[in-house]
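Since the structure comes first, as structure tokens, the remarks are kept for the end.
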Amino acid sequence: MNKVDNKHSVKHWTLSSSPSRPFLLHLQSPVCLPPICNAAASASAFASASFTDEVMYPNLVVVRIDGCNFERFSEINEFEKPNDEKALNLMNSCATSVLEKYPDIILAYASFSRKKPSFTKGVLVKLTLQQDSFPHCLILHIFICGKMEGILSSKQHEIYSFIQITCHMLSINGGSSSISCLETKRIENQYNTCLWMLIKSGKSEREAHEILKGTKKQEKNEILFQQFGINYKNLPQMYRQGSCVLKTEVEETLKIHDNEPPVKRLQKKVIIVHSENIASRSFWNDYSCLCKDLSCFEQNVNNIKQEYMKLFQFENKLLPFTWIVIRIDGSHFHSRFSEVHGFEKPNDEQALKLMNSCAVAVLEEFKDIVFAYGVSDEYSFILKRNTQLYQRRPSEMVSAIVSLFSSTYVMKWKEYFPKKELKYPSNFDGRAVCYPSYEIIRDYLAWRQVDCHINNQYNTCFWMLVKSGKTTKEAQSLLKGTQTQEKNQMLLNLFKIDYKTLPIIFRNGSSVFWDKEMMLTDNGVITKSYKKVVVEHPNIIEDCFWETHPLILEEMSPRS
Ligand code: GTP
Ligand code: MG
């Protein structure tokens, strides 16, 4: 199947290295969009407005994944407090999947925050020479979808979890400092354990905090022992020390040929460990293959300050008062996902409806999204011009939207494909692009819908020809250079198909937005009106839709 756009091409954000600050983020010359009259002709202009963070060799990247609204999530799913063993094991198993999938990830470390049972997991990645762009969205997907399905479907959850992600760039030597930083998180578990024991014993949350205020480690141990008979040191290691997922080398015996003796080989294997102190030298001595990967420690890393680590974190923000478009796109849908799941060709209505229902969930959750447009395996979400979602930080915005979309896709799969098993979790990547004016955001949407028309028409002809007995090569050469009119003629003459009568969802794609819903009495009087997220398939290239829905892309003054 063909795709006629080039939305993945141009990269403008780059990272460059300097001796004192290993990586600096800079924006290459500002992108100026030429005046646009024709959406189809302007595809390259839109693609060139995309920014991509690029990471260069040699360096280390720490990706921190953090649950969004986990307090709500853990309440609804009745997690044990302060630690829920099953939830922690689920987190660890997600991390294991990520490490298994990405050979460049060296280790992952999880710790748990003080106030609530929430999760933080660091993933330390060493980039290889070949890799120029860091796949943090993909990591996120595997993390969130890889293991959630089994657990969630068995419990009938009402809400989905989604996760935000931040990226830190580190020099090779900075990696050790980052580990030290993650390490400090574990102190919080002792506090948390005391807090929840006090609450369970009848204290209010406020009283419990008061009792613990300013207490030292030893004092907290005494509270636990004297009041609750708990020896803190006997609590499971996973609670006290967090979890570390890493690759180690193990010797495996393999039989290669039947008539030859087995051979021994060193294989990388992902393991989960709970160590006393992962910033200590003894830990790194125990897992010496980590040292090889990290070019390792020159000194003990225990005394590195958190403020210093924050220097490495880049937090770019998207230009104020521009329309932000977060476009997400299914990974390998063409070559793998649609094939493995036997999607109808060229369009699978159920698959499109599943995408739409995920978009509805995203709009319901993120109230700043004013409009979404979806076609094939992609969705564009438009945020209102003055949105302050995540202070306009693109990594959080993209990752939160992308992860909610993906987890919803996995959860709702059965609703749309009751007879088909989801063979593996779907991945989506995402990017954020800013568009500065009403005209340009309209042109952007027109570009995507023109793309939908062109692809759908081509693919409909292509698959009809293939289904009629032509080889894919023959079908391609028959369609080469044909214009819209010729393709329509071909469909009519050869297959008696009037293109205009094909389902509108295929021809126009799907638009998702908040609309007023009226409740009418029997005699037609409006009793109530409320806002609701709707899915429609209008023509969004022409003015008509926008004139009847003026509030969606409402213009407002930046000063208001
Ligand atoms: P990346 O996004 O770069 O990973 O590539 P991709 O393989 O996902 O392809 P791309 O996003 O460029 O295009 C989407 C592809 O998904 C289409 O070309 C189709 O092959 C496939 N696809 C999307 N929707 C359907 C559908 O309803 N039916 C079928 N059969 N395939 C679909
Ligand atoms: Mg795709």
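Bear in mind these aren't lab numbers, they're just calculated from the coordinates by the rules spelled out. What you see is a predicted model, and the numbers here were worked out from it, not measured in a lab. All Cβ positions, even for glycine, are placed from backbone atoms using ideal geometry, and neighbour counts span all protein chains on display.
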The answer for Ile106, listing residues at least 5 apart or on another chain whose modeled amide H is closer than 5 Å to its amide H, is Leu124, Val125, Lys126
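How would you rank Trp463, Trp323, going from fewest to most other Cβ atoms within 10 Å of each one's own Cβ? The partial results should precede the final answer.
Values: Trp463 17, Trp323 22.
By the 10 Å Cβ count, ascending: Trp463, Trp323.
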So what are the ³J(HN,Hα) numbers for the range 235-245, from phi and the Karplus equation (6.51, -1.76, 1.60; θ = phi - 60°), rounded to whole Hz, Gly and Pro as x? 5, x, 3, 4, 6, 6, 10, x, 10, 10, 10
What distance in nm separates the two pseudo spin-label positions at Lys353 and Glu260, each 7 Å out from Cα along the beta-carbon direction? 5.5
Per q in 0.17 1/Å, what log10 I(q)/I(0) does a Debye calculation on the alpha-carbon atoms of the range 389-484 return? -1.03
Length gain on complete extension for the stretch Gln237 to Ser468, per 0.36 nm per residue less the alpha carbon to alpha carbon distance? 76.8 nm
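Tell me, what is the FRET efficiency for Glu364 and Lys268 to the nearest 0.05, using R0 = 45 angstrom and their Cβ-Cβ distance as r? Can you show the working numbers first?
Values: r = 42 Å, r/R0 = 0.94.
Rounded to the nearest 0.05, the efficiency is 0.60.
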Need the C-alpha centroid separation for the range 357-394 versus the range 490-560, integer Å. 17
Exposure proxy check: Leu494, Leu422, Leu198 ranked by fewest other beta carbons within 10 Å? Leu494, Leu422, Leu198
Just the number: Rg to Rh for the range 373-427, Cα atoms, Kirkwood Rh, two decimals. 1.07
The ³J(HN,Hα) series, computed from each phi in the range 260-267 with the Karplus coefficients 6.51, -1.76 and 1.60 at θ = phi - 60°, rounded to the nearest Hz and given as x for glycine or proline, is 10, x, x, 10, 9, 9, 8, 10
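Which value in Å is the Kirkwood Rh of the range 409-450 over different Cα pairs?
Details: mean 1/r = 0.0735 Å⁻¹.
Mean inverse Cα-Cα distance, inverted, gives 13.6 Å.
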Members of Lys470/Lys500; Lys317/Lys412; Lys268/Lys423; Lys86/Lys233 lying beyond 30 Å, as alpha-carbon distances in this model show: Lys317/Lys412
Mind listing the phi-derived Karplus ³J(HN,Hα) values for the range 90-100, rounded to whole Hz, using 6.51, -1.76 and 1.60 with θ = phi - 60°, and x for any glycine or proline? 5, 4, 5, 6, 5, 4, 4, 4, 5, 5, 5
Counting other C-beta atoms within 10 Å, which of Tyr239, Tyr373, Tyr416 has the fewest, and how do the rest follow? Tyr416, Tyr239, Tyr373
Cα extents of the range 488-560 along the principal axes, largest first, in whole Å, come to 55, 45, 17
